[in-house]
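Shown next, in structure tokens, is the structure this report addresses.
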Amino acid sequence: MNPRLASIAAFAEARKLIPGGVNSPVRAFRNVGGEPFFVQRAAGAHIWDIDGNELIDYVGTWGPAILGHAPECVIAAIRETAGNGVSFGIPNPLEVEMARLIRAWMPSVEKVRMVNSGTEATMSALRLARGFTGRDKIVKFEGCYHGHGDSLLVRAGSGALTHGEPDSAGVPRAFAELTLTLPFNDVEALKGLFAREGREIAAVILEPIPANAGLYFPQPGFLEELRALCSQYGAVLIFDEVMTGFRVARGGAQELYGIVPDLSTMGKVIGGGLPVGAFGGRAEIMDQLSPDGPVYQAGTLSGNPLAMAAGLAQLRELERVNGWQRLEEIGAAFEEALGPVLKRKAGALTFHRVGSMFCLFFTGGPVLNLADALKSDREAFGKFFHRALDSGVYFAPSPFETGFLSLAHTFEDIETTARVASEALG
Ligand code: KE4
């Protein structure tokens, strides 16, 4: 590996101009120490930094790069579309094509509105649920991250957790007090809250497979109980599928677990790497949105042709190659390749995987919720992360994130990664 001299200089310059030198906190390496590298280019499962180092990438721009970076079908779609104009602010056929595809693949989504980020999607879905029910309280789960909307930066995961700010400054107490938080997978706590306040709850929002405090899973019966309680008390059930949507299955986690939410939020994969989010669900709820209904929501670039074309190209390619089966095969091969080191380190490590999403907790487990995830040895993770990076493998720079495989990861990449991980774990 070349010394990262150019990245060091670039980061020094960036820090003078951009808060923390980054446009999103998790990129700052604060949870693993050291300084971030700067990327020069990316292709397939590999990235190159500005010092000429080539890395196998398991972050995949935090999820969107499900085909790998710069897939030809997406680049071609962007090139072709850009020639006709990059933004109109006028209805365009591509928006309708995207809405039709989302509804076909995720049937709970009877109507959908495009936005420009996952944060916008969850923020808008909450306002819609509050407008539809006339209630103010919302419920989220500790460690789940739904973007940086004020109501949701309460006991949040991802960067908020990484930087020890699960309750961000700047969020008015009056907002935070309307956000009730529960431990994930705790059915008794859920039942108790609904028994006490169910008629005041506008919505429950969750990552059906939490992936922002590391990756862990709903225990049998948890999602079913949540669905039943929301139906019983008239609360809107919102599945935040920004990360899991169109990745863990064609129809997302709701297809995997057979649960029908009232609203779903989406992002990442549906934009092919361009800024996109979406929220959708039951038509009777969605029809409360302006201009038909009283709940206002808007966006200059929402449904812009470039993002629609890129997302459609990526999603259609996924379907063309039966990507979800191939992602499972690649994920299984990855897990098998790590098998020996996981066995050698049993008791100190817990490996979780669903399809192409994975996480290595530096704790013996089990990991069922945030409290378990927080038992991870951050120092040991930081050492692992940097040893792997110095050997050409880039994992997410935080123990509270999830790794992503793509269709571009080869078995050679996987073998290399297993060797590097084994050496990095000592
Ligand atoms: P964005 O606003 O970052 O597009 O999406 C917010 C969001 C919403 N819901 C879920 C389940 C998410 O995972 C995210 C964003 N994910 C993080 C990675 N864990 C984005 C990375 C970052 O913040 O830079």
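Please treat every number below as a calculation from the coordinates, not as lab data. A quick note: this is a predicted structure, and the numbers were derived from the prediction, not measured. All Cβ positions, even for glycine, are placed from backbone atoms using ideal geometry, and neighbour counts span all protein chains on display.
Measuring nothing but how far apart in sequence close Cα pairs (under 8 Å, 6+ apart) lie, relative to its length, the chain scores a relative contact order of 23 percent. Close amide-amide hydrogen proximity is noted between residue 144 and 157, each under 5 Å apart and 5 or more residues distant or on a separate chain (H modeled in the peptide plane; Pro and chain starts excluded). For the pair residue 422 and residue 378, the difference between a 0.36 nm per residue extended length and the Cα-Cα distance amounts to 14.0 nm. Residue order for 376, 168, fewest other beta carbons within 10 angstrom first, comes to 168, 376. Per the Kirkwood formula applied to alpha carbons, the range 35-77 shows a radius of gyration over Rh ratio, Rg over Rh, of 0.99. Ordered from longest to shortest, the equivalent ellipsoid semi-axes for the range 57-199 are 34, 20, 16 Å, each the square root of 5 times a Cα gyration tensor eigenvalue.
Annotation: the antiparallel percentage among DSSP beta bridges lying fully within the chain is about 60.
Near the amide H of residue 109, within less than 5 Å, lie no amide hydrogens of residues on another chain or at least 5 residues away, with H placed in the peptide plane. Beyond 41 Å, the tail of the calculated P(r) for the chain holds 12 percent of the Cα pairs.
Amide H contacts under 5 Å for residue 240: 206, 207, 265, restricted to partners 5 or more places along the chain or on a different chain, H placed in the peptide plane at 1.01 Å from N.
With a ≥ b ≥ c the root eigenvalues of the C-alpha gyration tensor of the range 193-234, is it rounded (a/c under 1.5), prolate (a/b larger than b/c) or oblate? Note, shape of the range 193-234 comes out prolate.
Expressed to the nearest 5 percent, the antiparallel share of DSSP beta bridges inside the range 72-319 is 40 percent. Here each label is just a point 7 Å from Cα along the line to Cβ, and for residue 332 and residue 191 those points are 3.7 nm apart. Taking a straight line from the alpha carbon of residue 16, these aspartates and glutamates sit under 18 Å away, with near neighbours fewer than eight places off in the same chain left out: 35. Going from the fewest other Cβ atoms within 10 Å to the most, the residues 204, 171 appear in the order 171, 204.
Basic side chains Lys and Arg get +1 at the Cβ, acidic Asp and Glu get -1 at the Cβ, and with that the dipole of the range 72-319 about its Cα centre reaches some 200 debye. Using a/c under 1.5 as the rounded threshold, could you call the range 166-277 rounded, prolate or oblate? The axes a ≥ b ≥ c are square roots of the C-alpha gyration tensor eigenvalues, and prolate needs a/b larger than b/c, oblate otherwise. Oblate shape, in that a/c is at least 1.5 and b/c is the bigger or equal ratio. The simple Förster model, with R0 at 56 Å and r as the Cβ-Cβ distance, assigns residue 43 and residue 200 a FRET efficiency of 0.65. Between residue 348 and residue 283, the distance separating the two model label sites (each 7 Å from Cα on the Cα→Cβ line) works out to 5.8 nm.
Here's the list of lysines a cross-link from residue 137 could span, going by alpha-carbon distance under 17 Å and ignoring same-chain residues fewer than 8 apart: 191. When the Cα gyration tensor is reduced to axis lengths a ≥ b ≥ c, the ratio a/c is 1.5 or higher for the range 342-417, and with a/b above b/c it is classed as prolate.
Using the count of nearby Cβ atoms within 10 Å as a rough guide to exposure, how do 363, 244 rank from fewest to most? Could the numbers behind the result be given before it?
Working: 363 20, 244 29.
Starting with the residue having the fewest Cβ neighbours, the order is 363, 244.
Just the ratio, please: alpha-carbon radius of gyration of the range 252-407 over 2.2 N^0.38 Å, N its number of residues.
Values: Rg = 19.6 Å, N = 156, 2.2 N^0.38 = 15.0 Å.
Here the Cα radius of gyration is 1.31 times the empirical estimate.
Which aspartates and glutamates, if any, have their Cα less than 19 Å from the Cα of residue 345, not counting same-chain residues under 8 positions apart? In chain and number order, the partners are 335, 336, 372, 377, 379, 415, 423.
The 3J(HN,Hα) values that the Karplus relation (6.51, -1.76, 1.60; θ = phi - 60°) gives for the range 50-58 are, in residue order, 6, 9, x, 7, 9, 10, 7, 9, 10 Hz. Gly and Pro appear as x. Based on DSSP H segments of at least four residues, each scored -39500 (n - 2.57), the chain has a per-residue ellipticity at 222 nm of -11500 deg cm²/dmol. The phi torsions of the range 249-262, fed into the Karplus equation with coefficients 6.51, -1.76 and 1.60 and a -60° offset, translate into couplings of 6, 4, x, x, 5, 5, 6, 4, 9, x, 10, 9, x, 7 Hz, rounded to whole numbers, with Gly and Pro shown as x.
What the Cα atoms of the range 72-319 give is an Rg and a Dmax of 17.6, 57 Å.
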